[in-house]
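Accompanying notes for the structure given below.
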Amino acid sequence: MSIGLDLTQFINLAIDPQDNGVWVVMLSRPHKRNALDIATIEELITLFSAAPRTGCKAVVLAGEGQHFCAGLDLIEHHQADRSPAEFMHVCLRWHEAFNKMEYGGVPVIAALKGAVVGGGLELASSAHIRVADETTYFALPEGQRGLFTGGGATIRVADLVGKARMIDMMLTGRVYQGREAVDVGLCQYLVEGSSFDKAMELAGRAAANLPLTNFAICSAISHMQNMSGMDAAYAEAVVAGIVNTQPDARARLAAFADKTAARVRPNAA
Ligand code: 1HE
């Protein structure tokens with residue numbers, strides 16, 4: 001099943017599908033440091049609701065300009081003077097967007113540079129792989145702004161770094177970068193060159209997997225983390241029953257059996 005998606009409808013996202021099925025998705029409000037206004041959130045919902053049915057094999061999510069994302073559009077928030085109920089609904093739209101990313105079944109690789117802060121870190125933590133470079137830094141400045149996280153950080157950032165580190169980041173404005181950011185779990189890769197190039201390489205590798213396998217990896221694991229151990233084991237068996245018997249896997253298994261498939265080897269020293 002494949003549906004068409006009109007890419008010209010997007011204004012705050014620039015979407016560029018590549019020949020290998022990888023879609024480059026750029027946050028394209030660099031003059032606002034890619035801050036997330038409500039229009040951008042709605043575009044993320046539209047994109048990630050449709051992506052699993054478009055033939056998109058992986059997404060590289062990046063930001064135009066020097067910074068990945070400055071979080072909530074503080075100017076829009078300030079000017080809108082929202083009621084508690086209105087901001088609750090804003091947050092629910094953020095959750096809709098980020099859940100579509102995390103649970104949608106399409107691998108999302110975030111290419112991070114500069115500021116990955118506040119809601120920008122909530123966005124990045126919804127991706128499946130995070131790649132940082134030497135300019136990338138992570139923070140949760142909500143505490144200093146008189147705010148609180150509303151886009152899933154209490155779930156995803158706490159999951160990545162642990163409760164104590166997240167509380168420290170919010171109470172003190174602590175910034176993580178470089179090797180320390182990898183060590184605490186904020187990103188899986190740190191590159192000397194371009195995080196975008198590395199993200200494209202990783203996305204290309206993921207896109208070479210079978211789509212149903214990637215769907216399971218980028219949906220089932222997250223769902224199973226929310227289940228009891230017993231339920232997760234049952235669900236895992238059901239998912240494996242479907243994925244591990246898919247007809248498209250037969251050629252790959254045959255290649256292993258006839259010794260034409262690559263073997264798993266350690267990295268070169
Ligand atoms: C913005 C935003 C924004 C920049 N909303 N407009 N997020 C924060 O607290 C981060 C706030 N931003 C910053 O700390 C800095 O802007 C940056 C470190 C990201 C970049 O610094 P810099 O020196 O490159 O840019 P700048 O001069 O601060 O900003 C350039 C423009 O971007 C300027 O607009 P201009 O019209 O005056 O040119 C800024 O106003 C605009 N800009 N960041 C709106 N965030 C669901 S709850 C989530 C809670 C949160 O995310 S709290 C937000 C945390």
Expressed as a whole number of Å, what is the distance separating the alpha-carbon centroids of the stretch 168-227 and the stretch 84-152? 13
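Hey, what did the stretch 124-174 get for relative contact order, percent, Cα under 8 Å, at least 6 apart? Intermediate values should be presented prior to the final figure.
Working: 31 pairs, mean separation 25.0, N = 51.
About 49 percent, as a whole number.
Nearest 5 percent is fine: what portion of the DSSP beta bridges confined to the chain is antiparallel? Mind showing how you got there, number by number?
Values: 7 of 27 bridges.
Antiparallel bridges: around 25 percent, rounded to the nearest 5.
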The farthest towards the positive end of the charge dipole of the stretch 110-234, of the residues G152, I221, A139, given +1 on Cβ of Lys and Arg and -1 on Cβ of Asp and Glu, is G152
Ignoring solvent entirely, what values of log10 I(q)/I(0) come out of the Debye formula for the stretch 124-208 at 0.14, 0.25 Å⁻¹ when each Cα is a single scatterer? -0.51, -1.23
Alpha-carbon Rg/Rh ratio, for the stretch 16-151, with Rh computed the Kirkwood way: 0.96
For the stretch 141-269, what is the charge dipole size about the Cα centre, in debye to the nearest 20, if Lys and Arg each add +1 at the Cβ and Asp and Glu each add -1 at the Cβ? 220
Return the single residue from A164, A58, A203 with maximal mean-square fluctuation; model: Gaussian network over the chain, springs between Cα atoms under 10 Å. A164
Using Cα atoms only, what is the angle between the long axis of helix 38-50 and the major principal axis of the chain, expressed in degrees (0 to 90) to the nearest 10? 10
Answer in debye to the nearest 20: the dipole magnitude of the chain about its Cα centre, from +1 Lys/Arg and -1 Asp/Glu charges placed on Cβ, is 660
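Normalised by the residues of the chain, what does the relative contact order come to in percent, with Cα pairs under 8 Å and at least six apart?
On the way: 462 pairs, mean separation 46.1, N = 269.
The value is 17 percent.
With n ≥ 4 as the cut-off for DSSP H runs, can you work out [θ] at 222 nm for the chain, using -39500 (n - 2.57) per run divided by the number of residues, rounded to the nearest 500? Intermediate results must be reported in sequence, preceding the final value.
Values: 13 runs with 122 residues, N = 269.
The per-residue figure over the chain is -13000 deg cm²/dmol.
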Just to verify a number: what accessible area does R179 come out at with the full protein assembly present, 1.4 Å probe, Å² rounded to tens? 140
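Would you kindly state how much longer the chain becomes between E236 and E180 on full extension, computed as 0.36 nm times their sequence separation minus their alpha carbon distance, in nm to one decimal? Display every interim value, and only then the final one.
On the way: separation 56, 0.36 × 56 = 20.16 nm, distance 3.33 nm.
Once the chain is fully extended between E236 and E180, it gains 16.8 nm.
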List the aspartates and glutamates whose alpha-carbon lies under 13 Å from that of K32, not counting same-chain residues fewer than 8 positions away? E64, D73, E76
Could you tell me how many degrees, from 0 to 90 and to the nearest 10, lie between the Cα long axis of helix 163-172 and the main elongation axis, the longest principal axis, of the Cα atoms of the chain? 30
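If you count, for each residue, the other Cβ atoms within 10 Å and average over each peptide, how do 65-71, 148-154 line up from highest to lowest?
Values: 65-71: 23.0, 148-154: 20.6.
Order by mean packing, descending: 65-71, 148-154.
In whole Å and largest first, what semi-axes does the C-alpha gyration tensor of the chain yield when each eigenvalue is scaled by 5 and square-rooted?
On the way: eigenvalues 202, 87, 78 Å².
Over the Cα atoms of the chain, the semi-axes work out to 32, 21, 20 Å.
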Label-point separation in nm, D81 to Q144, each point 7 Å along Cα→Cβ: 2.8
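The values are calculated or read from the model by the stated rules, or taken from the named source; none is laboratory data. Quick caveat, the model's predicted, so the values are computed rather than measured. Glycine also receives a Cβ, built like all others from the backbone with ideal geometry; neighbour counts cover every protein chain displayed. Side chains are part of the model used for accessible areas, which takes the heavy atoms of the whole protein and leaves out ligands, DNA and RNA. Shrake-Rupley method; radii C 1.70, N 1.55, O 1.52, S 1.80 Å.
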